[in-house]
Amino acid sequence: MANVTLTLPDRLRRSHILATSFLILLAAAVLLPLASLGSVALRGDAEIWPHLVNYVIPRATIETALLLAGVAVLTAIAGIGTAWIVTAYDFTGRSILAWLLPLPLAFPTYIVAYVYVDIFDAVGPVQSAFRALFGYRTAAEYWFPSVRSLPGAILVFSFVLYPYVYLAARAMFLTQSASLIEVARTLGATRFMLARHVALPLARPALAVGLSLALLETLNDIGASEYLGVQTLTLSIFTTWINRSSLPGAAQIACTMLIVVIALMALERHGRRHRRFVTSPRRHRTVPRMSLSGRSALLAFVACFVPVAFGFVLPFFYLTYEVLLRGLLTGFDPDLLRYTATTVTLAASATAIAIVLGLSAAIAVRMVRGQIATFSLMIAGLGYAIPGTVLALGLLSPLVGIDNILNALSRAFGGPHLGLVIAGSSAALVIAYVIRFFAIATGSAQAGLARISTEIDDVARTLGTRPPAVAWLIHVPLTRPALGGAALLVFVDCLKELPATLLLRPLNVETLSTYIYQFATRGSFEEGSLAALIIVAVGILPVIHLTRFSEIAPAPMPPSSR
């Protein structure tokens, strides 16, 4: 039989079909848990639904809405305000603050919540000092704002999550053209008018993205909201499943929660709608900073340091103090090493898979350049918007279904009953991590590939190089810096992920996040301080990576009379 040699157009056509099929499969991997969630919800128990409608969902929806609204306002004020101050003004300590302001992202929200309850609760050091100072004997004799409340939760979440808005706003402020600001100044614009009418409208698309990320992280949380006494939709899913043993009831709440997720995504897209601004790269000049001195410089420093102090400095030093006070370094818990190894193994496995799939998907979209491929990649990236509790619920039935197929195949070939090979093992956690953080890998891969001219791909193919070889010899080496940053981000996010880990981990598996959570639920969070510090120390690395290239040094200008 004669060998059939495929021509270049035939090879390209076959590669396009394979690439499109791969992207459709990735999109299906995200849609399948959502479809399964809807199916479980429709089969729900008729007796529990009235209870959920009357007593659970209304309160959870109201508290979730209030929490999101409060976090949106405070993160926007803190993020935009600090970004504008360190970008538009020059004062003593500005450069240090520009590096410190993103650091609260290294802290998971649940750890900061545990720390603040310890510090500001009735038996904490702050109220103890307050009673000693004013002569009170018990907490019942005076009023003190409670951290375990909705306002307390709003403050805790805002102090941790404002860097999402800060980083987005600062990136846009740094890239805005000086000519626009100068024209506004010549027309008599004051500093406040410059920020309100020029800088903020130009930064609106990035601000919408940063704010939506902060709100999605708020929506995903379990540990902080539970510890602070806020009955969110996410927490209601968890308690309905675990405490009431009602998977259908939890699925029904999760479907309600998806409406909130869709609303946040619509808000983000609306914020970027018809907001595209282009400046000429040939004539681009960054905005020179105005020099501040005296009281103005002090106020600018304080305004930027307050979020850092409450979001990073105070929790970090408190954890360090507890580790030293309790001798957690000398009296080291040997189980902590095992839990750390388990956490690193799970996070590293999920990171490797996410990076490989993310780069492959980005290359596939680059090669196909069609609407189906682009839409499929967009669907595949929705996992980041799905809260961990919702994703865990949706994955259960598909994973059990796969296990049933594997068991049937094993019995058909005379093998043993395998049991829950995937759903009952750590593989379920890895799958959840990959789906949830896949968007980070694809986003970074696409950003790296955007710097490579498509003409290089075309030349390589005309020389007979097959697509896999093009990817391995050209794309991988040139996108390595972007992929390294993405790997760091995915790894740390897997390390910090609590909701999906709590719901999908096998009974004999403990991670650093669940280790800390167990101590917190027993009222002895301080014993998990060392594990919390490990997570924070690792979490600082990607934050440094995010800010390393963001600092531009335009020449400061003399103080303005305006």
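Every read-out reported here was derived from the displayed coordinates using simple, explicitly stated rules and does not represent laboratory data. Computed from a predicted structure; not experimentally measured. In this analysis, Cβ positions are derived from the backbone assuming ideal geometry, glycine residues included, and neighbour counts consider all displayed protein chains.
Spin-label model, GLU47 to LEU409: label points 7 Å out along the Cα-to-beta-carbon direction sit 4.0 nm apart. Residues whose amide H lies under 5 Å from that of ASP90, counting only those 5 or more places away or on a different chain, are MET290, SER291, LEU292; hydrogens are built 1.01 Å from N in the peptide plane.
Suppose R0 equals 35 Å. What FRET efficiency, 1/(1 + (r/R0)^6) with r the Cβ-Cβ distance, do PHE332 and TRP99 give to the nearest 0.05? That gives a FRET efficiency of 0.65. Averaged over residues, the count of other Cβ atoms within 10 Å places the peptides 480-491, 89-100, 330-341, 157-168 in the sequence 157-168, 480-491, 89-100, 330-341, highest first. In this structure, THR374 and SER245 have a Cβ-Cβ separation that, at R0 = 35 Å, corresponds to a calculated FRET efficiency of about 0.25.
Across region 152-167, rounded Karplus estimates of 3J(HN,Hα) from the backbone phi angles (6.51 cos²θ - 1.76 cosθ + 1.60, θ = phi - 60°) give x, 5, 4, 5, 4, 4, 5, 5, 8, 9, 4, x, 4, 6, 4, 5 Hz, Gly and Pro being marked x. What FRET efficiency, computed as 1/(1 + (r/R0)^6) with R0 = 56 Å and r the Cβ-Cβ distance, is obtained for LEU478 and TRP143, rounded to the nearest 0.05? Result of the calculation: an efficiency of 0.35.
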